[in-house]
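Take a look at the structure below.
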Amino acid sequence: MEVAAARELLAKARACEEALELSLDASLPFEGLEPMDAALAAAAALGLSSPRVGEVGARRAAVASVLERVAAALVEVSADMGHARGLVNEAQGLGLGEARDVVALEKMLDMPEEQLLRLMLGAAQGRGDATRVAAIKQRIKEIFFESFGGVFTLDAFKYLRDRDEYGRSSSSLGGVNDKGLAAGMLAFTKTAIPTSLTTRGFEFPYGRDEDGGGDDDDDDLDNAFGYGGWADDEEHAAAVARRQLAVALFRNVMGYMGDRQLQYPVMLAREVLKEGFEVVELRDELYCQVGKRRASPARG
């Protein structure tokens with residue numbers, strides 16, 4: 001009876017040692033803390049105090065610690081990506097590369113910056129971290145303008161008037177292209193503009209051919225200055241009136257900014273805002289006019 005009990009105890013001890021050894025093998029798939037907990041519990045029940053028991057206890061503590069920190073990094077979407085990458089490396093060194101949270105954190109680190117920032121933004125908002133929220137929003141805006149900022153420059157605006165066309169708009173030259181005027185269309189100036197800087201709402205509609213179709217020759221320039229046929233005289237007149245108003249409002253802009261000595265500059269600005277509010281077609285034009293007025297290095 002005693003021999004059988006001894007054999008059983010020995011078998012349990014060997015099984016426990018084997019479980020402890022497997023718990024230390026970082027090359028095996030990670031199955032959670034439970035196998036280590038079971039091996040340590042079995043060793044305690046058997047009264048084993050081998051060095052391997054201590055090694056498994058230390059490994060168990062290290063694994064639990066890194067998993068806890070990885071889980072926290074996922075919840076918080078840590079601002080310190082270097083720290084998060086270090087956690088992934090630490091976890092992989094312990095054989096935890098396939099652990100669910102480690103895989104999730106690694107995927108998060110591989111996200112495009114903007115997508116990651118939006119996750120970080122949600123986490124910061126959840127924590128009520130106003131400072132962090134502001135910083136993340138600023139970085140998201142920077143990324144946007146780094147990618148698409150070129151579309152907001154005046155030169156890239158799709159409805160900007162052709163520079164040569166602008167150069168030909170000076171009545172003093174009778175339709176001859178004033179290259180200096182054309183080159184300076186968007187440059188700072190203290191003189192009035194001869195026509196609008198933009199075309200949308202100022203050049204519609206173009207004329208029709210005798211067959212009723214669209215233009216099939218170079219009549220666009222003539223139409224732009226009112227020399228060609230127009231599909232609708234009322235629309236033509238409205239477009240010309242808006243263009244004349246745009247030219248007049250540029251004088252207001254110069255007066256408000258102090259380059260023309262006019263009384264009541266605030267009233268000039270108010271008129272610009274009023275017309276921009278009431279006449280939709282003027283809004284892009286006024287934006288470009290202000291941009292032109294800001295083009296001087298002295299004005300920043």
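Do you know which residues across segment 243-259 are outside any helix (DSSP H, G or I) and either in contact (Cβ under 8 Å) with a residue 60 or more places away in the chain or outside the structural domain of Thr189 (by TED's automatic domain parsing) (or both)?
Asp259
Would you mind stating whether Glu34 is modelled with pLDDT under 85 and of a type in the set (D, E, K, R)?
no
From Leu28, Leu20, which residue is in the same structural domain as Val102 (by TED's automatic domain parsing) and in a loop (DSSP other than H, G, I, E, B)?
Leu28
Give the residue that is surrounded by the fewest Cβ atoms within 10 Å (Cβ to Cβ), with candidates limited to residues of segment 60-119 that are more than 30 Å from Phe148 (Cα to Cα) and among the basic types (Lys, Arg).
This residue is Arg100.
For Leu22, are the conditions met, namely being of a type in the set (A, V, I, L, M), surrounded by fewer than 16 Cβ atoms within 10 Å (Cβ to Cβ) and modelled with pLDDT under 80?
no
Identify the single condition in (1) under 30 Å from Glu113 (Cα atoms); (2) acidic (Asp, Glu); (3) at pLDDT 85 or above that Glu165 does not satisfy, given that it satisfies every other one.
(1)
Restricting the search to segment 1-41, which residues are in contact with a Pro (Cβ under 8 Å, 6 or more places away or on another chain) and among the polar types (S, T, N, Q)?
If the condition is that a residue be in contact with a Pro (Cβ under 8 Å, 6 or more places away or on another chain) and among the polar types (S, T, N, Q), then Ser23 is the only one that fits.
Provide a single number: the residues in segment 80-116 that are in a helix (DSSP H, G or I) and either charged (D, E, K, R) or on the phi > 0 side of the Ramachandran plot (or both).
Summing the residues that are in a helix (DSSP H, G or I) and either charged (D, E, K, R) or on the phi > 0 side of the Ramachandran plot (or both) in segment 80-116 gives 8.
Here is a check on your reading of the model: is Ala135 part of a helix (DSSP H, G or I), at pLDDT below 90, out of contact with any strand residue (DSSP E or B) (no Cβ under 7 Å at 6 or more places or on another chain) and surrounded by 15 or more Cβ atoms within 10 Å (Cβ to Cβ)?
Spelling it out, Ala135 is indeed part of a helix (DSSP H, G or I), at pLDDT below 90, out of contact with any strand residue (DSSP E or B) (no Cβ under 7 Å at 6 or more places or on another chain) and surrounded by 15 or more Cβ atoms within 10 Å (Cβ to Cβ).
List the residue pairs whose Cβ atoms are under 8 Å apart, where the first residue sits in segment 55-74 and is closer than 14 Å to Gln92 by Cβ, the second is among the charged types (D, E, K, R) and assigned to a helix (DSSP H, G or I), and the two are 6 or more positions apart or on different chains.
Val66/Glu90; Leu67/Asp101; Val70/Asp101
The values are calculated or read from the model by the stated rules, or taken from the named source; none is laboratory data. Note that the structure is a prediction, hence the values are computed from the model and not measured. Glycine also receives a Cβ, built like all others from the backbone with ideal geometry; neighbour counts cover every protein chain displayed.
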